Amino acid sequence: MVTAKLLGHLIKTDTTSVLKYVCVTASVLNIRTAPKASSARAKERSSIEMGAVLRVYAEKDNWYKISHSMEHWVSGRFTQEVKRATVNTTVLNVRTGPGTHFPKTSSVLKDEEIFVHEESNDWCKIGLDDKWVSKSYLTF
């Protein structure tokens, strides 16, 4: 069990059976009841929007099971793998590019959970847009 601060809220998540994390890259991603495009859409969950981060519990033929207890599947074609990290400093500046010479746009606080989309010279991109933080202040 991991306790993390996500967007200012303490949450507890069971990460013991998570294979990986992925970010949705399509504008809208449908959830299916089995790992194939012809499967019915899951009625109990709505579609997922671009930028959402999903836990993956199983994989089959480039389809990802995103529920631990239900048959909820998404196509891997419309996702990008990301790494989960936790901020390990009091305040971490978010910048528009990978370096201290880029303008600061915001900050994240100690123990906040973030997801890394890309790495460049000890800097980590933490969103689909240009948001970068120093890798040295993250714990993976």
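Using 0.36 nm per residue of separation minus the Cα-Cα distance, give me the extension gain between residue 130 and residue 96 in nm, one decimal. Please report the intermediate quantities before stating the final value.
Values: separation 34, 0.36 × 34 = 12.24 nm, distance 0.52 nm.
Roughly 11.7 nm would be gained on extension.
Which FRET efficiency value, to the nearest 0.05, is calculated for residue 104 and residue 28 with the Förster distance at 35 angstrom and r the Cβ-Cβ distance? Before the final figure, lay out each step's value.
Numbers: r = 32 Å, r/R0 = 0.92.
Result of the calculation: an efficiency of 0.60.
Run the reach check for residue 36 against lysines, Cα to Cα strictly under 25 Å, same-chain hits fewer than 8 apart removed. What comes back?
20, 60, 65
Let me know the charge dipole size of the chain about its Cα centre in debye, to the nearest 20, where only the beta-carbon of Lys, Arg (+1) and Asp, Glu (-1) is charged.
240
Any idea what the relative contact order of the stretch 96-140 is, in percent, if you count C-alpha pairs under 8 Å spaced at least 6 apart? Working shown, then result.
Details: 54 pairs, mean separation 15.8, N = 45.
Worked out over the stretch 96-140, it gives 35 percent.
Note the full-extension length gain between residue 17 and residue 52 as 0.36 nm times their separation in residues minus their Cα-Cα distance, in nm to one decimal.
Numbers: separation 35, 0.36 × 35 = 12.60 nm, distance 1.95 nm.
This chain segment gains 10.6 nm when fully extended.
Where the accessible area of the chain is counted over protein heavy atoms with a 1.4 Å probe, how much of it, in %, is carbon and sulfur? Each step should come with its number before you reach the end.
Numbers: 3950 of 8140 Å².
Answer for the chain: carbon and sulfur cover 49 percent of the accessible area.
Please return the longest stretch of the chain lacking exposed loop sites, where trypsin sites (Lys or Arg not before Pro) count only if DSSP places them in a loop and at most 14 other Cβ atoms lie within 10 Å. It would help to have the intermediate numbers written out before the result.
On the way: sites that count: 36, 43, 45, 110.
The segment 46-109 is the longest one with no such site.
Per residue, how large is the accessible surface of the chain? Use a 1.4 angstrom probe and give square angstrom. Show your work: numbers first, answer last.
On the way: 8140 Å² over 140 residues.
I get 58 Å² per residue for the chain.
So how compact is the stretch 20-75: Cα radius of gyration and Dmax in angstrom?
Considering the stretch 20-75 through its Cα atoms, Rg and Dmax are 10.1, 26 Å.
Per residue, how much space in cubic angstrom lies within the convex hull of the C-alpha atoms of the chain?
Values: hull volume 16.1 nm³, N = 140.
With only Cα atoms used, the chain gives 115 Å³ per residue.
Can you give the three extents of the C-alpha atoms in the stretch 63-140 along their principal axes, from longest to shortest, in whole Å?
45, 24, 19
The values are calculated or read from the model by the stated rules, or taken from the named source; none is laboratory data. Computed from a predicted model, the values in this text were never measured in an experiment. Note that each Cβ is placed from the backbone with ideal geometry, even for glycine, and that neighbours are counted across all protein chains shown. To get the accessible areas, we keep the full protein, side chains included, count just its heavy atoms, and leave off ligands, DNA and RNA. Shrake-Rupley method; radii C 1.70, N 1.55, O 1.52, S 1.80 Å.
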